[in-house]
Every structure is written in structure tokens, then in C-alpha cells.
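Below: the structure, in C-alpha cells.
Here, each number is a calculation from the coordinates, and none is a lab measurement. Keep in mind the model is a prediction, meaning the values are calculated, not measured. Cβ sites come from the backbone with ideal geometry, for glycine too, and all protein chains shown count toward neighbours.
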Amino acid sequence: MNIRTFTAIGLAFYISFMLTSCASIPENAEAVSPFDAKKYLGKWYEIARLDFKYEENLNNTTAQYSLNSNNTLKVVNRGYNYKTEAWEEAQGKAKFVKSDTIGMLKVSFFGPFYSGYNIIALDKDYNYALVAGRNLDYLWILSRKPTLPESIKQEFLAKAKTIGYNTDDLIWVAHDKS
């Protein structure tokens, strides 16, 4: 095997690793199973999150999920930037990591780059969800309505703390615009 072939194989493995390594889950978290993707479709309100650069200065944030013909999910995230006083929207896609019956997905808004999206708690009626990212820097609490019952809030916060999240850093999202 010549050096070019060896380099090409090494580069292919590296790229493959980089494109799939972000589709992970925090060490102490487990994705919901069984999971019914069809019940998860529709609009979700972001109740709380650990802030990061792509959602900075956003409130009134929502996520809309729909099924694509190739068994991936279309994701439309929307939020109101209270600094620029303008709505922002991002469209992406989500793919199941293992099976469509496990709430472990990888989501992309930027071409071939994916990040973990793991549903780690979900009520039986699919009204409330706790979602972990690839590590302890990403966490979302979602609801089908712009509010969340206190009992669900406390349950999700306790679960997040058990996994290792610092829930004091959560941003509680305002929903005051339509």
C-alpha cells in the first residue's frame, strides 16, 4: 500500500469519525425506548434551555417536526431575537442513530455536520419532553403548550441533575409573541 492510499484511507476514517462522533449522548443519560416518531411530530415550545450561540438572544422559540419521505425528520426551529426585534428561523434534518423506536437522533442544520438530539424523558401522551444534546452543554425542556406543569418541571429538573446537568444555568424562555 503506497502512502497516498494509506493517507486517503486514514482521511476517510477521520472524516467518518468526525461526522458521526457528534451524534452521541451524555454518559449517564439514556434515550427513550420505545419511541414513536409519529407521535413526536408537530409543534413544540421550548420552555427552557442551556443557552448556546445559535439560540442566543432568542425567546418565543419553537420547533416544528415533520416526516420526510426518506424516514428522516424535517426540523424547523423558530425564535424571536429580542435584540434585533426580528424573527429567526433555521431548517434542518434529523436522522435516527440506531432505530426509529429509540429517541436517539442526530440533527443537522449545517450540511454534513450532525449533533446529538436525545429524548431522555417523555410523558406517555407526548406532551412534554426532556432533550439532551451530545454532552452536558446542551439541554432542552419542551412542551406542546407555552407552559409546563410544575410537577413535570420538577421531574425533568431532577432527572437532568441526576445525569450531571447544572440546571441553575437553564434559561426559562418567554412566550409572549405569536
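Annotation for the stretch 109-156: trypsin sites (Lys or Arg not before Pro) lying in DSSP loop with at most 11 further Cβ atoms inside 10 Å of their Cβ are Lys124. Kirkwood's formula applied to the C-alpha pairs of the stretch 24-172 gives a hydrodynamic radius of 15.4 angstrom. Taking GluC sites (Glu not before Pro) in DSSP loop conformation with at most 11 other Cβ atoms inside 10 Å as exposed sites, the chain has its longest uninterrupted site-free stretch at 86-178. Mean separation of Cα pairs under 8 Å and 6 or more residues apart, divided by the residue count, gives the stretch 24-172 a relative contact order of 28 percent. Run the reach check for Lys177 against lysines, Cα to Cα strictly under 21 Å, same-chain hits fewer than 8 apart removed. What comes back? Output for Lys177: Lys43, Lys83, Lys145. Qualifying trypsin sites (Lys or Arg not before Pro) in the stretch 85-118, where qualification requires a DSSP coil assignment and no more than 13 other C-beta atoms within 10 Å, comprise Lys98.
Counting Lys and Arg as +1 and Asp and Glu as -1 over every other residue whose Cβ lies under 12 Å from the Cβ of Ser143, the net charge comes to +1. Annotation: amide H-H contacts under 5 Å for Arg134 (H modelled 1.01 Å from N, sequence separation of 5 or more, or interchain): Gly116. Helices in the chain, meaning DSSP H runs of at least 4 residues, each add -39500 (n - 2.57). Divided by all residues, the mean residue ellipticity at 222 nm is -6500 deg cm²/dmol. Using the Karplus relation 6.51 cos²θ - 1.76 cosθ + 1.60 with θ = phi - 60°, the per-residue 3J(HN,Hα) values for the stretch 93-103 come to 9, 10, 10, 6, 7, 10, 7, 6, 9, 10, x Hz, with x marking Gly and Pro. Within the chain, the longest run free of chymotrypsin sites (Phe, Trp or Tyr not before Pro) that sit in a DSSP loop with at most 16 other Cβ atoms within 10 Å is 83-178.
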